[in-house]
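Enquirer: First the structure, then my questions, so here it is.
The values are calculated or read from the model by the stated rules, or taken from the named source; none is laboratory data. Computed from a prediction, not measured in an experiment: that's the story for all the values here. Because the Cβ atoms are built from the backbone with ideal geometry, glycine has one as well, and the counts that use them run over all protein chains shown. Surface accessibility is based on the protein's heavy atoms, side chains included, excluding ligands, DNA and RNA. Shrake-Rupley method; radii C 1.70, N 1.55, O 1.52, S 1.80 Å.
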Amino acid sequence: QGIGRPSVYHAVVVIFLEFFAWGLLTTPMLTVLHETFPHHTFLMNGLIQGVKGFLSFLSAPLIGALSDAWGRKSFLLLTVFFTCVPIPLMRISPWWYFAMISVSGIFSVTFSVIFAYVADVTQEHERTTAYGLVSATFAASLVTSPAIGAYLSASYGDSLVVLVATLVAVVDICFILIAVPESLPEKIRPASWGSSISWEQADPFASLKKVRKDPTVLPICITVLLSYLPEAGQYSSFFLYLRQIIGFGSASIAAFIAVVGILSIIAQTLFLSILMRSIGNKNTVLLGLGFQIFQLAWYGFGSQPWMMWAAGAVAAMSSITFPAISALVSRNAEADQQGVVQGIITGVRGLCNGLGPALYGFIFFLFHVELNELLPDNTSEKKTKQNSTVIPGPPFLVGACIVLLAFLVALFIPENSKASSTKKHSNNISSSLSNNLDQSNEEDIEPLLQDSSV
């Protein structure tokens, strides 16, 4: 089943097609969102994305545990299908479209299954590069698709854009069905589909409870929580903010996404490796958080389009934060705990995907930043009206303050505590081996059984 041996490239194609389809809808979604919710648009957008993110956080551990037992391919198919189901509903029924977006959060955890797929087909020393390739592919899919969607929307209307996005989603589903081979070896899967999944595996809060027991992972998780919360909120509302508050047109938004995406890919590939070698892992995290504070503050006080472009360049440099944190986590964890610790970080990010959009939507509502009318592209009337306030973007300024707290917490992250933990781990292994040897002297154990226990 599938074409060839399971590889990282199968995962890369699945991610690219899924997010390419959604990227095409960037411009039509802004229009449909405002037409459906003409009052409290930012608040409703935050609630929709918040419900979706929180449901994803609740369901991710269960789907991950089930994929560990039953294989990756079926759950890749399930997550991609339900993530893309709302796309054709945009033109059929906008209310059902937004309702399905919220409910689809239960299965919108493709990244969790993709990372598990990549872990199945790579060695430990290859994993960081493979994860970077998947993340760069995600960014690359969003570099081109919004521009293509904006062009098709302006030339042929939103209906064609929705049709093309639906066809791309169908191609992705067919690719999984036909071309993607199963990555999980048959021998490590249970004998039957009736194998039980414990509640501890499915409990989304179980990983968060484990954080308190590890003084190294705790500050890292707090840093991720405080830094990704504003990022998730910004991603959910920023394009709508550029269109209606700053006065960007559809073409300008598409160009903005493309430029920032390209700069982010360069930052995560070229600059990240240089910084990791020159200033170290922890200092790279601190530098990325510093860029993020500067970027959010600039978004908060910026009132002109050129300010958004300049802040976007800074935002590209701030994208080095999470890869650097993932590498820091990997260095501070034992070889047999890599998956658990990375899962904890992913769980924290999933929680932020639910809380961030809701937080930003509520702050926009609190400061009375509303859209009373949908203005055409390149219109500056609303921009002038909104920019008369001292702080055009209050949520971004609040986000900058939250990231400042993340920066202060990150100062307490140890650079590398693995050496001491390795010594402790080796002592535990030595003591356990000596106990096993004592038991083997007392009992008459057959050589075959002894070998299997080792």
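Enquirer: Return the residues of the range 1-12 that are hydrophobic (A, V, I, L, M, F, W, C) and either under 16 Å from the mean Cα position of the chain (by Cα) or in a helix (DSSP H, G or I) (or both); say none if nothing qualifies.
Expert: Once the filter is applied, which keeps residues that are hydrophobic (A, V, I, L, M, F, W, C) and either under 16 Å from the mean Cα position of the chain (by Cα) or in a helix (DSSP H, G or I) (or both), the range 1-12 yields Val8, Ala11, Val12.
Enquirer: Looking at the range 245-257, which of the residues that are open to solvent by 10 Å² or more (accessible area, probe 1.4 Å) and in a helix (DSSP H, G or I) is nearest to Pro219 (Cα to Cα)?
Expert: If we take residues in the range 245-257 being open to solvent by 10 Å² or more (accessible area, probe 1.4 Å) and in a helix (DSSP H, G or I), then Ile257 is nearest to Pro219 (Cα to Cα).
Enquirer: Could you give me the residue pairs with C-beta distances under 8 Å whose first residue belongs to the range 351-367 and is free of Cβ contacts under 8 Å to residues at least 60 places away in the same chain, whose second residue is surrounded by fewer than 24 Cβ atoms within 10 Å (Cβ to Cβ) and aliphatic (A, V, I, L, M) wherever it lies, and which are 6+ apart or on separate chains?
Expert: Cβ pairs passing all conditions: Ile363/Val398; Phe367/Ile391.
Enquirer: Answer yes or no as to whether Val103 is open to solvent by less than 60 Å² (accessible area, probe 1.4 Å) and either under 23 Å from Gly46 (Cβ atoms) or in contact with a Leu (Cβ under 7 Å, 6 or more places away or on another chain) (or both).
Expert: Working: open to solvent by less than 60 Å² (accessible area, probe 1.4 Å): no; either under 23 Å from Gly46 (Cβ atoms) or in contact with a Leu (Cβ under 7 Å, 6 or more places away or on another chain) (or both): yes.
Against the criterion (open to solvent by less than 60 Å² (accessible area, probe 1.4 Å) and either under 23 Å from Gly46 (Cβ atoms) or in contact with a Leu (Cβ under 7 Å, 6 or more places away or on another chain) (or both)), Val103 does not qualify.
Enquirer: Okay, next question. If we scan the range 12-32, do we find a residue that is open to solvent by 30 Å² or more (accessible area, probe 1.4 Å) and of a type in the set (Ser, Thr, Tyr)?
Expert: No, the range 12-32 has no match at all.
One line per residue, one yes/no per condition, for (1) of a type outside the set (Val, Ile, Thr); (2) over 24 Å from Leu408 (Cα atoms):
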{"site": "Gly247", "(1), (2)": "yes, yes"}
{"site": "Ile257", "(1), (2)": "no, yes"}
{"site": "Val260", "(1), (2)": "no, yes"}
{"site": "Gly290", "(1), (2)": "yes, no"}
{"site": "Gln295", "(1), (2)": "yes, no"}
{"site": "Ser318", "(1), (2)": "yes, no"}
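Enquirer: Okay, moving on. Being surrounded by fewer than 19 Cβ atoms within 10 Å (Cβ to Cβ) and at pLDDT below 85 is the filter; apply it to the range 164-185 and report the residue that is nearest to Phe16 (Cα to Cα).
Expert: Glu182
Enquirer: Based on this model, can you work out whether Ile114 counts as under 30 Å from Asp158 (Cβ atoms) and either surrounded by 20 or more Cβ atoms within 10 Å (Cβ to Cβ) or more than 16 Å from the chain's Cα centre (by Cα) (or both)?
Expert: In short, yes.
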